[in-house]
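Down below is the structure, laid out as structure tokens.
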Amino acid sequence: MSDKNTNKKRVIVGAVLVVGAALGYAGYLQSQKPQARQAGIRSGQGTWDELKKSHSMAVNTHLSSRTGQAWKQHDFTTLMASFGPERTMKENKEFFQASIYVLDVSNIQWKAEEKKDVQALQSKIVNFLTEANKGVVGDAAQVHSFAAKTLLRLGTPAAEDLKKIESFHKTSRDAFRREIVADVLIQTEPLSSEGRVLLGKMLLSKTEVNEGLQMLARVRDGEARKELLNRVYKNYANYPKAMKPFVYKQLVLNHSLIQGDLKKHLAEAAKSKDEVWEDSFLVAVQELNVVSEFTADIQRIEKQSQYPHLKMLAGAILAKDKGIK
């Protein structure tokens, strides 16, 4: 693996950990595989308490910082002066990192007369993200990632700023910087035209559909998400065999938005002894409320599956269904 790719992965991991804490440590733990969650439970309450304490300390530190006070006091002069190309890497990182924490927990409400100040702040962040079409690695890449997340917490940028981001995404030669601004483009309300094109290509791709579905989960525009999910549903037969279990699982998790019959794929899913298919099947029978129709298949997984966490899940589904009856 090249140094560039290594740096990129380190940046992504770092950003996920920091922002994950700001968004809620519980969500991070819930996203882990069942085995990992069980290991966490067995380690006792101590680990959980340490996580809560660490998160609380981080929030308090950022809230009491100069940046935190500026956000709470709506001090736009200080906020505007706290970041930019004239600031050091460390200063920019501290500002955007603190901003993410503060904006997540403070629920700041802007007065009507402050909207222009918020927009000016957004414009400066957009300029920061799109300045000089050069590559960023290491700390610089992490700072850009934090800046994009701060921008998103301030709402959809003004039309002129959005066009600037779209233009940058089309023309930038740096793949990682394009990824960073892509996250902004897919979370605008309504969904930006460039974001729609980007997701449309990925969701119909035979190699990028999984990544596209993960990005689609972050789309805030409900109508756009529904339209794009139905594109995936209509294209289901064209996806490679190896990708179908993941695609199907995402469709059933969003079944209320799908304009079509997802149950017709369950018989095929029930036959597979592959881990990802068994997982998708068990999720599907619950989401689509057809446990009683596939009791025999669920029982087979409970007794014969090679994967303990899926055997446990199958048993829990059967016990719940029996309790309901």
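Taken together, the residues in region 179-216 that are acidic (Asp, Glu) and within 19 Å of residue 154 (Cα to Cα) amount to 2. The test for being crowded, with 18+ Cβ neighbours inside 10 Å, among the polar types (S, T, N, Q) and in contact (Cβ under 8 Å) with a residue 12 or more places away in the chain does not hold for residue 171.
Residue count for region 209-264 satisfying the condition of being outside any helix (DSSP H, G or I), over 26 Å from residue 194 (Cβ atoms) and of a type in the set (A, V, I, L, M): 1. Only a single criterion out of (1) modelled with pLDDT of 95 or more; (2) surrounded by fewer than 17 Cβ atoms within 10 Å (Cβ to Cβ) is not satisfied by residue 139, namely (1). For region 85-117, a tally of residues being open to solvent by 90 Å² or more (accessible area, probe 1.4 Å), farther than 18 Å from residue 149 by Cβ and acidic (Asp, Glu) returns 2.
Once region 273-296 is narrowed to residues that are under 25 Å from residue 230 (Cα atoms) and not in a helix (DSSP H, G or I), the residue that is most open to solvent (accessible area, probe 1.4 Å) is 289.
Residue count for region 191-204 satisfying the condition of being in a helix (DSSP H, G or I) and under 13 Å from residue 216 (Cβ atoms): 8.
As for region 236-247, it holds at least one residue that is within 19 Å of the chain's Cα centre (by Cα) and either crowded, with 16+ Cβ neighbours inside 10 Å or modelled with pLDDT under 95 (or both).
Going by the structure shown, is residue 147 hydrophobic (A, V, I, L, M, F, W, C), at pLDDT 95 or above and within 28 Å of residue 229 (Cα to Cα)? In short, no.
Considering region 119-151, and only residues there that are aliphatic (A, V, I, L, M) and out of contact with any Leu (no Cβ under 8 Å at 6 or more places or on another chain), the residue that is nearest to residue 167 (Cα to Cα) turns out to be 132.
For region 119-134, a tally of residues being of a type outside the set (Gly, Ala, Ser) and exposed (fewer than 14 other Cβ atoms within 10 Å of the Cβ) returns 4. Can you pull out the residues in region 96-117 that are out of contact with any helix residue (DSSP H, G or I) (no Cβ under 8 Å at 6 or more places or on another chain) and either closer than 23 Å to residue 84 by Cβ or not basic (Lys, Arg) (or both)? Correct list: 107, 109, 112, 113, 115, 116. Quick one: which helices (runs of 4 or more DSSP H) lie wholly within region 90-190 and hold at least 3 residues that are under 28 Å from residue 61 (Cβ atoms) and of a type outside the set (Lys, Arg)? Those helices (runs of 4 or more DSSP H) span 115-130, 138-153, 175-185. Each residue in region 297-318 was checked for being open to solvent by less than 70 Å² (accessible area, probe 1.4 Å) and out of contact with any Lys or Arg (no Cβ under 8 Å at 6 or more places or on another chain), and 11 pass.
The values are calculated or read from the model by the stated rules, or taken from the named source; none is laboratory data. All of these numbers come straight from a predicted model, not from anything done at the bench. Using ideal geometry, Cβ is built from the backbone for each residue, glycine included, and neighbour counts are taken over all protein chains shown. The protein model used for the area step is the full one, side chains on, heavy atoms only, and it has no ligands, DNA or RNA in it. Shrake-Rupley method; radii C 1.70, N 1.55, O 1.52, S 1.80 Å.
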